[in-house]
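The values are calculated or read from the model by the stated rules, or taken from the named source; none is laboratory data. A quick note: this is a predicted structure, and the numbers were derived from the prediction, not measured. Cβ: placed from backbone, ideal geometry, glycine included. Neighbour counts: every protein chain shown.
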Amino acid sequence: MALDTVADYIRNARVLLQDTIPDYRYSDSELVENMNLGLLEIRRLRPELVRAYFRSTIPTYTTTNMSTTNVAMDPMYRVSLLYYICGQAQLRDDENTQDARAAVFLNKFVAQMLTIQS
Amino acid sequence: MTADLNRLMDNLRVRLPGATDEALKLEYFSTMDQFFGATNIWTEDIDFEVTNDNKTYYVTPSGVANIVRLMGVVNSDGVTIAALMKVPGEITLVDYPNQSDTYTLQLALTVKDPVTRDGYPEYPDWILEKYGVDIIDGVLGRMMSQIAKPYSNERMAIYHMRRFQNTIAIAKVEAQHRNVYRGQSWRFPQTFARRRARAW
């Protein structure tokens, strides 16, 4: 299935960020950190998606063993998490065009979490 | 039960785009708890030994279930015995038994944790077979009443909950009649009765 592992998310994020050729503009650790932030946002917006972690802390992923570490996320919302990773990454850039792209990604993330039409 | 459960879950998945199975199971449990608590449809008869020097006895359901209420107690002759249950499972007889005997009580039950490995509550199969379509209404109503979800819909939540409440009322009456069509819903005035019959 698509978007199973941490590496899947990072690879797909690089495609959307147009950052597929080394040396990368966004490092693996930055993108993984964005994914961790995304999980915190998901906890706020759609708690049932991380119900397994109600009695423990939300997992924090690292760049270690990325291709074998699965990300526990319902298949319906994996693309949303991917959009969050991209949006958060583009917030770093200070160009106007990048700001707009960041807003698009982050708004799409929120819209997909809360509505059907997105 | 698996086939009926699969059908129920498929119906819910189709009608609630964006809903996760985890959320559905959570509300499914709550729906069944509400259903059983209001209808007394799931009952269990339990025999227990009584002695003439004790008024308090403890009983537990045989399966994974919570006790909702005590439906009644009879002695070995089928005569109703006055009893209370202030705490579920703790039966207090109003009077000491005249002699050692085997009493039978009936408990109304509801679902309880732990659920099955798949996360579904356990209860008798026939209830899902009979009320499956109506249980869907209950889960839909609860899901749609959640705030800020893709499937939130106040108007439809009210619609489905109203249908579910109707089902609860019907199921409650059918349970009282023991699923007998035109079953007697009244009892002869007790002053005419020579001996009190079973309470349930």
Exercise. Considering the range B:14-25 alone, what residues qualify as being assigned to a loop (DSSP other than H, G, I, E, B) and either closer than 17 Å to B:Glu122 by Cα or among the aliphatic types (A, V, I, L, M) (or both)?
Worked result: B:Leu16, B:Ala19
Exercise. Among the residues of the range A:75-88, is any touching a helix residue (DSSP H, G or I) at 6+ places or on another chain (Cβ under 8 Å), of a type in the set (Ser, Thr, Tyr) and within 14 Å of another protein chain (Cβ to nearest Cβ)?
Worked result: yes
Problem set entry | Selection status of B:Met156, more than 19 Å from the chain's Cα centre (by Cα) and touching a residue at least 60 places away in the same chain (Cβ under 8 Å) | no
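B:Pro61: under 21 Å from B:Arg117 (Cα atoms) and outside the structural domain of B:Gln146 (by TED's automatic domain parsing), yes or no? Give the steps one after another, and end with the answer.
Details: under 21 Å from B:Arg117 (Cα atoms): yes; outside the structural domain of B:Gln146 (by TED's automatic domain parsing): yes.
Taking the combined requirement at face value, the residue satisfies it.
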Exercise. From the set of residues in the range B:26-50 that are in a helix (DSSP H, G or I) and surrounded by 20 or more Cβ atoms within 10 Å (Cβ to Cβ), which is farthest from the other protein chains (Cβ to nearest Cβ)?
Worked result: B:Thr39
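May I ask you to say which residue of A:Ala13, A:Ala100, A:Ala111, A:Ala89 is closer than 30 Å to B:Ala23 by Cβ and surrounded by fewer than 20 Cβ atoms within 10 Å (Cβ to Cβ)?
Values: A:Ala13 fails: surrounded by fewer than 20 Cβ atoms within 10 Å (Cβ to Cβ); A:Ala100 fails: closer than 30 Å to B:Ala23 by Cβ; A:Ala89 fails: surrounded by fewer than 20 Cβ atoms within 10 Å (Cβ to Cβ).
Result of the check over A:Ala13, A:Ala100, A:Ala111, A:Ala89: A:Ala111.
Take the range B:139-153 and flag every residue that is buried (at least 21 other Cβ atoms within 10 Å of the Cβ) and either more than 9 Å from chain A (Cβ to nearest Cβ) or not in a loop (DSSP other than H, G, I, E, B) (or both).
Correct list: B:Val139, B:Leu140, B:Gly141, B:Arg142, B:Met143, B:Met144.
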For this session: Answer yes or no: is there a residue in the range B:97-115 that is within 14 Å of chain A (Cβ to nearest Cβ) and either in contact with a Leu (Cβ under 8 Å, 6 or more places away or on another chain) or at pLDDT below 95 (or both).
Result: yes
Problem set entry | Unmet requirement for B:Val59, which otherwise passes all of (1) buried (at least 17 other Cβ atoms within 10 Å of the Cβ); (2) free of Cβ contacts under 8 Å to residues at least 12 places away in the same chain; (3) out of contact with any helix residue (DSSP H, G or I) (no Cβ under 8 Å at 6 or more places or on another chain) | (2)
Exercise. Which members of the range A:17-52 meet the condition of being of a type in the set (D, E, K, R) and within 14 Å of chain B (Cβ to nearest Cβ)?
Worked result: A:Glu41, A:Arg43, A:Arg44, A:Arg46, A:Glu48, A:Arg51
Exercise. Identify, please: which residue in the range B:13-25 is within 13 Å of B:Met144 (Cα to Cα) and more than 7 Å from chain A (Cβ to nearest Cβ) and is, among those, surrounded by the fewest Cβ atoms within 10 Å (Cβ to Cβ)?
Worked result: B:Arg13
Exercise. Are there any pairs with C-beta distances below 6 angstrom linking a residue in the range A:97-118 that is more than 9 Å from chain B (Cβ to nearest Cβ) to a residue that is among the aliphatic types (A, V, I, L, M), with the two at least 6 apart or on different chains, and if so which?
Worked result: A:Ala102/A:Leu91
Exercise. So which residues in the range A:4-55 are of a type in the set (Val, Ile, Thr) and in contact with a Ser or Thr (Cβ under 9 Å, 6 or more places away or on another chain)?
Worked result: A:Thr5, A:Val6, A:Ile10, A:Val32, A:Ile42
Exercise. Among B:Ala157, B:Ala108, which is the only one that is touching a Gly at 6+ places or on another chain (Cβ under 6 Å) and of a type in the set (A, V, I, L, M, F, W, C)?
Worked result: B:Ala157
